[in-house]
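Structure first, commentary second.
The values are calculated or read from the model by the stated rules, or taken from the named source; none is laboratory data. All figures in this text were calculated on a predicted structure; none of them were measured in a lab. Cβ placement follows ideal geometry from the backbone for every residue including glycine, while neighbour counts extend to all protein chains displayed. These accessible areas exclude ligands, DNA and RNA; they are computed on the full protein's heavy atoms, side chains included. Shrake-Rupley method; radii C 1.70, N 1.55, O 1.52, S 1.80 Å.
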Amino acid sequence: MNAVIKFKRHSSPTITPQALAWDRHHLWVSSRDLGMFYKIDIETWQIVEEIDPPGIVWAAVSLGDGEMRFTIGKGLNDDRYIYRYSDGAFSRLFACPDFTGSYLSYDGANLYLSQWYEKRILKYDEKGNVICKIDIGAEICGHTFVDGAMYVLRGKEKPNEDWRIARLDPQEETPQVKDIAVVPFACRSLTFDGELFWSNYRAKDTIISFALPN
């Protein structure tokens, strides 16, 4: 299987980059260790806005028009909750199942939350109810939508950080998950800017952009 192409490394403007989101104009990244969330101008590679969230931001996704959703960890047990961010304010929406969950994506109507160790992605309705469960068959460290298809980073963290990017159609009754390229780094989070995918190499304080092989 071919590896991802147009592979470009960018030094992260913050340590331990974790969540990534694209809002049509800017890239957003959180710092796992500092607890902050930053807006980046990808042309100048400068931080242009800084937000202080109410916990550790493990995942983020833009819904458009300045509105975002976050997976935020709280307390000593790092209990996970979904938060709404709009007009500069955070509001807690609901707890993740068993207080576990990480990466987020949005298809234009519904929110999707992945659970790393459950190896599945949950689809939510607007009231926070789970309406579909998608078996991914491996650990999940990011997912995003492109032209109606879901792209998922899946594989195994231990012992050697073995990851692939896969594609599926979430509208299928039983979505078939197909690996399409090797991701040759310990990836965390996934977003798409209309041309390139972006993911974090958190252990190296690096953000990487890439395309898929034809």
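The table below gives the values:
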quantity	calculated
Among G55, G88, G137: highest mean-square fluctuation, GNM of the chain, C-alpha pairs under 10 Å	G88
Relative contact order (%) - the chain, alpha-carbon pairs under 8 angstrom, separation at least six	20 percent
Charge tally in the Cβ shell below 15 Å around K156, where Lys, Arg are +1 and Asp, Glu are -1, K156 excluded	-1
Sparsely packed trypsin sites (Lys or Arg not before Pro) within segment 76-168, loop by DSSP, other Cβ within 10 Å at most 11	K127
Where D79, D98, D162 fall by accessible area, highest first, once all protein chains stay in place (1.4 Å)	D98, D162, D79
Candidates A89, A166, A186: whichever shows maximal mean-square fluctuation once the chain is modelled as a Gaussian network with Cα springs under 10 Å	A89
Loop-resident sites, segment 38-80, for GluC sites (Glu not before Pro), counting at most 15 other Cβ within 10 Å (DSSP)	E43
Summed residue charge, Cβ within 10 Å of T100's Cβ, Lys/Arg positive, Asp/Glu negative	-3
Net charge, Y38 excluded, C-beta distance under 15 Å - Lys, Arg +1, Asp, Glu -1	-4
From phi via Karplus (6.51, -1.76, 1.60), per-residue ³J(HN,Hα) for segment 89-94 in Hz, x at Gly/Pro	10, 9, 9, 6, 9, 6
Alpha carbon convex hull of the chain, volume per residue in cubic angstrom	120 Å³
Average accessible surface area per residue within the chain, 1.4 Å rolling probe, Å²	49 Å²
Within a Gaussian network of the chain (alpha carbon springs, distance under 10 Å), most fluctuating of Q176, Q18, Q115	Q176
Of all accessible heavy-atom area on segment 72-190, the percent that carbon and sulfur account for (1.4 Å)	42 percent
Kirkwood-based Rg to Rh ratio, segment 106-214, C-alpha trace	0.95
Total lysine pairs under 24 Å (Cα atoms) in the chain, excluding pairs fewer than 8 apart on one chain	26
Solvent-accessible surface (1.4 angstrom probe) belonging to D41, in square angstrom, nearest 10	40 Å²
